[in-house]
Amino acid sequence: MEIPYAVKSRPDTGLYNAKLGIWLFLASEVMLFGGLFSAYILLRVSADLWPHGMVSIPVGTFNTFVLIASSVTVVMSWASLKLGRLPAFKGYMAATIACALGFLFVKSFEYHAKFTHYDVWFKDAATAEKYFKAAYGEEKGVEVARKLFVERFHLHNTKATYDANQVQLPGHLEGNPLFATHRSLASAKKETFQFTPDAPFGTHDHPKAIEVKLADVERLSAYVPKHSTYFAIYFTITALHGLHVLGGAIVLAYFLFTADKWWKKNPEQLANRVEVGGLFWHFVDLVWIFLFPIIYLL
Amino acid sequence: MSHDHSHSHGPGAACDHGHAHDDHNSPEYIQKTIKKYMMVGGILFGGTVLTVAMYYVHIPSVAMTIAVALLIATVKAGFVAAVFMHLSDERKMIYGILLCTVFFLVGLMGLTLWAMNDYPFFTLVDGKPA
């Protein structure tokens, strides 16, 4: 069966059908991401504390460049088809897919680093201070932990008082386990665990691992969605965006691998398919253009 | 290679562009747009560098930082939409769809923010959140 208006425009819309379809779909996508963006604003503005510097800016910048490059290559792949250059189309499309996979590869490293990074909250202020001293030295220990807290939540301009109950000790567990919790350590019959605290703020020191009693711990969480509101919205939005990158890459790869067949059968329709896939791809780039400053910089 | 560059609007298709324009499928037209694509790619790279530089320069006002970052992002998004997504030269039907989208997006954002300081009625004690 011949699909109508796959190449020719419909007289009433002036568009081939797939183009009208993709724009209606993108309109719904704007609402999907718009809802999450407005949720982000609402959560952030009404939060008492909002962390900063939890993600690496150079990594985010690199991924932004990768997505921009992929937007250029995908539009070039379409232009190559319009110019009748099939090999150029294949090269540009392959480059686009490589960029997509590169983006996801980098993102997976970012996620992995978060899933193996922990915060520990202690039962009470006295216990917390005991561990801060063990981590960073008898004299300066409490001050170093306080400084990490103040810098994470940008409290230098506020009159927020230091509350040792709230202050967490960030670091890594022995063996770098993924998603460990208080409960998983307890059910593994662990009474203590080795914990390597993060470097003091603004340094690259390597503090020695300390031994923490599980009984002294109020809460222990990797940087996963349930860690905090920040990570909940961070993972929701970036994972949804990541799924869009993956979905886009699969569709574009399909166009690449079936290109020879379609080129013989109907080159105009192939160009239109690639244009529509490209429109989706540009939208994914466009979402990232807003995500990058909001998540990484502000 | 016998590739037919015929007009994809089709014979008799309603073309709502009021002006006489180049054939959108002619090699000359495509060559011209390729130059535009490269330029926009450059602008997007430059915009990203500018955004990141702004972070390291550190503007003292938080409101100003947010405004500048979102302004740069909006300009970048505008270039992607206008040039890469061909919105600078599209059919009326698509502008209509996007106009509806903008209306509903503004509504979504606006209504959410408007409700920001609302608390469920029964959680209030003496008119204040408990």
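Residue A:239 satisfies every condition listed in (1) assigned to a helix (DSSP H, G or I); (2) touching a residue at least 60 places away in the same chain (Cβ under 8 Å); (3) out of contact with any helix residue (DSSP H, G or I) (no Cβ under 6 Å at 6 or more places or on another chain); (4) of a type in the set (A, V, I, L, M, F, W, C) except (2). Summed over the range A:91-129, residues that are more than 27 Å from residue A:211 (Cα to Cα), among the small types (Gly, Ala, Ser) and crowded, with 20+ Cβ neighbours inside 10 Å total 1. Number of residues in the range B:69-105 that are among the basic types (Lys, Arg) and over 20 Å from residue A:18 (Cβ atoms) equals 1. Of the residues making up the range B:49-68, those that are more than 9 Å from chain A (Cβ to nearest Cβ), part of a helix (DSSP H, G or I) and without any contact (Cβ under 8 Å) to a residue 12 or more places away in the chain are B:53, B:57, B:63, B:64, B:67.
Within the range A:202-212, track down each residue that is surrounded by 15 or more Cβ atoms within 10 Å (Cβ to Cβ) and without any contact (Cβ under 8 Å) to a residue 60 or more places away in the chain.
Once the filter is applied, which keeps residues that are surrounded by 15 or more Cβ atoms within 10 Å (Cβ to Cβ) and without any contact (Cβ under 8 Å) to a residue 60 or more places away in the chain, the range A:202-212 yields only A:209.
Reported count of residues in the range A:88-119, each being under 23 Å from the mean Cα position of the chain (by Cα) and more than 11 Å from residue A:223 (Cβ to Cβ), is 15.
Determine which member of the set A:152, A:183 is surrounded by 15 or more Cβ atoms within 10 Å (Cβ to Cβ) and among the charged types (D, E, K, R).
A:152
Residues in the range A:262-288 that are free of Cβ contacts under 8 Å to residues at least 12 places away in the same chain and at the interface with chain B (Cβ under 7 Å from one of its Cβ atoms): A:286 only.
Each reported figure results from applying straightforward, stated rules to the coordinates on display, with no laboratory input. Nothing here was measured: the structure is a model prediction, and the numbers come from that model. Cβ coordinates were reconstructed from backbone atoms using ideal geometry, including for glycine residues, and neighbour counts include every protein chain displayed.
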